[in-house]
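The values are calculated or read from the model by the stated rules, or taken from the named source; none is laboratory data. As the structure is a computational prediction, the values presented were derived from the model and not from experiment. Counting neighbours? That spans all protein chains shown, and the Cβs are built from the backbone with ideal geometry, glycine included. In case anyone asks, the SASA skips ligands and DNA or RNA and just uses the protein heavy atoms, side chains included. Shrake-Rupley method; radii C 1.70, N 1.55, O 1.52, S 1.80 Å.
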Amino acid sequence: MRKQRMGSEYFAQYLLNEGVLSQAMAEELLPKTREMDLAACLLDAGVADSAGLDALSGRYKQCGLHPVRRAVRRLSGERTDLEEAYYEEFMELFMEELMDFLKTPAVISLEPVEKNAFSKMGKTHAASQRLTGDLSIVTGIIGRDSYFLELAKRYAQEEMDDIDDLAVDSIEEFLNVLNGAYMVRLAKRDLETDLETPRWGRDVVPHGSRQLAMQICVDFGSFYAVLATDEFI
């Protein structure tokens, strides 16, 4: 069941990559997936009829490169340095785990993040965690307070009114679980890594080395995933 559901969710990323969905259409459709499945949303929005949807689904199944990897590669500009070569794989796992607890599709925006995007966001919270050893990567999340709080509530499955210790701990736990799973994948390639203690901050403007910031669109808005080779909080 999980593979089928996740396949449907990655289909949204594929449609965005292929230009079938625009950024605006994707943002409009994602909230509706809380009430109906993606195929029904696409039909209801007139994106395609049944025959067209079947044709798109067929092309998606024949697609060689994972749609999340393709989006990351497009945004990263085909980077080939050691750490950056692992960004694609990490984001595939990130999106899988994110959609698993959100229970809805999520997509990576194909619009590059502007340099002043973070300074224009207003009040924000951020959390990050660094992997060290044979590979050095810092992974993190930055979002407007309301979106950061919603992510925390969804992950913890608890009601929260403000960004308190529980909310921050919830996002840090998500990163810790995610990075722990990623370490297992790296270990299969004989890459030994350790996890440092997560960090958090307010109104962070990230300036990490080899940084890649990506806007993640979800059913309640959007936030940013940030990857770098050194700490940005």
- Query: Looking at region 52-62, which of its residues are out of contact with any Asp or Glu (no Cβ under 9 Å at 6 or more places or on another chain) and of a type outside the set (S, T, N, Q)?
  - Reply: Gly52, Leu53, Asp54, Ala55, Gly58, Lys61
- Note on the structure: Residue pairs qualifying under the 9 Å Cβ cut-off, at least six apart or on distinct chains, with the first in region 218-232 being over 17 Å from Val205 (Cα atoms) and the second being assigned to a strand (DSSP E or B), are Val218/Val107; Gly221/Gly143; Gly221/Arg144
- Count of residues meeting criterion [touching a helix residue (DSSP H, G or I) at 6+ places or on another chain (Cβ under 7 Å) and either assigned to a strand (DSSP E or B) or more than 17 Å from Gly77 (Cβ to Cβ) (or both)] in region 186-215: 6
- Message: So in region 155-175, with the set limited to residues that are open to solvent by less than 40 Å² (accessible area, probe 1.4 Å) and among the β-branched types (Val, Ile, Thr), which one is nearest to the chain's Cα centre (by Cα)?
- Response: Ile171
- Task: Answer with yes or no whether Lys103 is modelled with pLDDT under 90, open to solvent by 70 Å² or more (accessible area, probe 1.4 Å) and of a type in the set (D, E, K, R).
- Result: yes
- Query: Only one of (1) under 15 Å from the mean Cα position of the chain (by Cα); (2) part of a helix (DSSP H, G or I); (3) touching a residue at least 40 places away in the same chain (Cβ under 8 Å) is not met by Ala152, so which one is it?
  - Reply: (3)
- Query: Which numbered condition trips up Arg210, out of (1) at positive phi; (2) open to solvent by less than 50 Å² (accessible area, probe 1.4 Å); (3) of a type in the set (D, E, K, R)?
  - Reply: (2)
- Query: Just one of the numbered conditions (1) under 27 Å from Gly19 (Cβ atoms); (2) of a type outside the set (Val, Ile, Thr); (3) surrounded by 14 or more Cβ atoms within 10 Å (Cβ to Cβ) is not true of Arg144; which one?
  - Reply: (1)
- Is there any pair with a first residue in region 134-148 that is assigned to a loop (DSSP other than H, G, I, E, B) and a second that is open to solvent by 50 Å² or more (accessible area, probe 1.4 Å) whose Cβ atoms are under 7 Å apart and which are 6 or more apart or on different chains, and what are they? Asp134/Glu192
- Might you let me know whether region 1-8 holds any residue that is touching a helix residue (DSSP H, G or I) at 6+ places or on another chain (Cβ under 7 Å) and modelled with pLDDT of 85 or more? no
- Item | Residues of region 47-87 that turn out to be at pLDDT below 85, part of a loop (DSSP other than H, G, I, E, B) and open to solvent by less than 60 Å² (accessible area, probe 1.4 Å), as a count | 6
- Note on the structure: Residue hits (region 33-46; open to solvent by 30 Å² or more (accessible area, probe 1.4 Å) and either under 17 Å from the mean Cα position of the chain (by Cα) or free of Cβ contacts under 8 Å to residues at least 40 places away in the same chain (or both)) are Glu35, Met36, Asp37, Ala39, Ala40, Leu43, Asp44, Ala45, Gly46
